[in-house]
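Down below is the structure, laid out as structure tokens.
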Amino acid sequence: MKKHRTLLAVVAGLALVMAACAEEQQAGGGGGQAEAPGPGELVTIEGGEDMSGVFIPKATDNPVFDQANDGAVEAAEELGAEPASFEGPPSAEDIEGQIQIMTNAVTQGVDAVMISNNAAEQIEPAAQQAQDAGITVVSWDSPIPSGADAGESLFVAQVDFDETGEVMADMALDLLGEEGGEFAILSATPDAANQNAWIEDMEAALEDPKYENLELVDTVYGNDDPEDSYDQALALVDQYPDLQLIMAPTTVGIAAAAEAMQDEDLCGQVLVSGLGLPSDMVEFTLNGCAPEFALWSFTDLGYLTYYATYGIATGQVQAVEGAQFEAGRLGEYTIEPDPTRDNGLRIVMGPFTVYTEENVEEG
Ligand code: RAM
């Protein structure tokens, strides 16, 4: 009996040692070579390996993308890797320019590309080519519509896209009150996957009877260009004399629309809301032209994007549903199917911050 027990203890001990060894191997001790842990096992992404990458914004003339790049550089430094090169077209209208940068990255043979897609489906052949060449393709801010079917491993969503419509509808209701009124959307470029998803979500949210007095009269595009957006805002006011609100789900559009309303002394008549950078909006929030708007941290978005991409490119994280990892100071994330696309995976950063005169100065 005693002999049996000793034997059992030895066998059990051996099994434990073997399990521990297997776990150590899985945890990526061998860097990119080791098999990444499967879903359900939390991976702490660790530095030590280099990763060459390109961080591609919609355009380089938009300060939110500089903030995102600052976050990506912070993450690279933390992980001891070379920061990705920040390359984008000079303006958001230059869609061809963005596609060309993705294609060049394939020629350069980098390890990873991180893109805020401004070219809708037109980016897909280049993204697929990148993945075929062994490059990790991660989108952030604005996804690749066909996701995994077009070479994308993961989309780093700033917020839950299915919440954006309601957040905007709620701000419109807050500003116009129960009696509602006419409002119009001033968007970015017509091919921006993020804005198009948010607009679609807002249209769906408006079906709720609580928003029945909010009447969406038009959607126009200012191309994330301050002048175009300014002109589009004025054109809306000319075309719709009863317009009470311009909802701009773009940091460029909202600031331009608020400036246009201020310049024309229209602030009391036509309010402006949407997604804005607090530093751009502070003056318009305090003077009542844009009393309420929302956003998230672009610095954190860039930081999280770099971490997730690094985890995938170095083989520490598998880009599969259920994979869990810890991304430095932002904590834990789980990869899940993206409900806004047919075949894409996402992680959601969140949350929104809603800004009013109470907090816009701290933003
Ligand atoms: C602009 C860009 C960006 C979007 C924000 C809200 O800066 O279009 O993609 O996320 O607005």
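Some values worked out for this structure:
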quantity: Added length on full extension, which subtracts the Cα-Cα distance from 0.36 nm per residue, residue 203 to residue 179; calculated: 6.8 nm
quantity: Mean Kyte hydropathy of -0.5 or more with a Cα span along the axis of at least 30 Å, helices from DSSP in the chain; calculated: 2-26
quantity: Furthest towards positive pole of dipole, 156, 251, 110, structure part the chain, Cβ charges; calculated: 110
quantity: Most fluctuating residue given options 122, 108, 316, as computed from a GNM of the chain linking Cα atoms under 10 Å; calculated: 108
quantity: Förster radius 41 Å - calculated FRET efficiency between residue 96 and residue 269, Cβ distance, rounded to 0.05; calculated: 0.55
quantity: Order by protection proxy (mean Cβ within 10 Å, highest first), peptides 351-361, 69-79, 131-141; calculated: 131-141, 69-79, 351-361
quantity: Over the chain, relative contact order from alpha-carbon pairs under 8 Å, at least 6 apart, %; calculated: 21 percent
quantity: Normalised contact order of segment 161-295, rounded percent, pairs of Cα under 8 Å and 6 or more residues apart; calculated: 26 percent
quantity: Under 11 Å, Cβ to Cβ, from residue 273 - net charge with Lys/Arg +1 and Asp/Glu -1; calculated: -3
quantity: About the Cα centre, charge dipole magnitude for the chain (Lys/Arg +1, Asp/Glu -1 at Cβ), debye; calculated: 2520 debye
quantity: Beta bridges by DSSP in the chain, antiparallel share as percent, to the nearest 5; calculated: 20 percent
quantity: HN-Hα J in Hz across segment 183-189 - Karplus 6.51, -1.76, 1.60, θ = phi - 60°, x for Gly and Pro; calculated: 9, 10, 9, 10, 9, 8, 8
quantity: Cβ-derived FRET efficiency at R0 22 Å, residue 107 paired with residue 82, nearest 0.05; calculated: 0.75
quantity: Prolate/oblate/rounded label for the chain (Cα gyration tensor, a/c 1.5); calculated: prolate
quantity: Additional length obtainable on full extension of the chain from residue 343 to residue 41, 0.36 nm per residue less Cα span; calculated: 106.4 nm
quantity: Gain on full stretching of the segment that runs from residue 231 to residue 354 - 0.36 nm per residue minus C-alpha separation; calculated: 41.6 nm
quantity: Segment 318-363 versus segment 99-162: alpha-carbon centroid distance in Å; calculated: 18 Å
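All of the numbers you see were taken from the coordinates with simple rules; none came from a lab. Only a predicted model underlies this, so the values are computations on that prediction, with no experimental measurement involved. Counting neighbours? That spans all protein chains shown, and the Cβs are built from the backbone with ideal geometry, glycine included.
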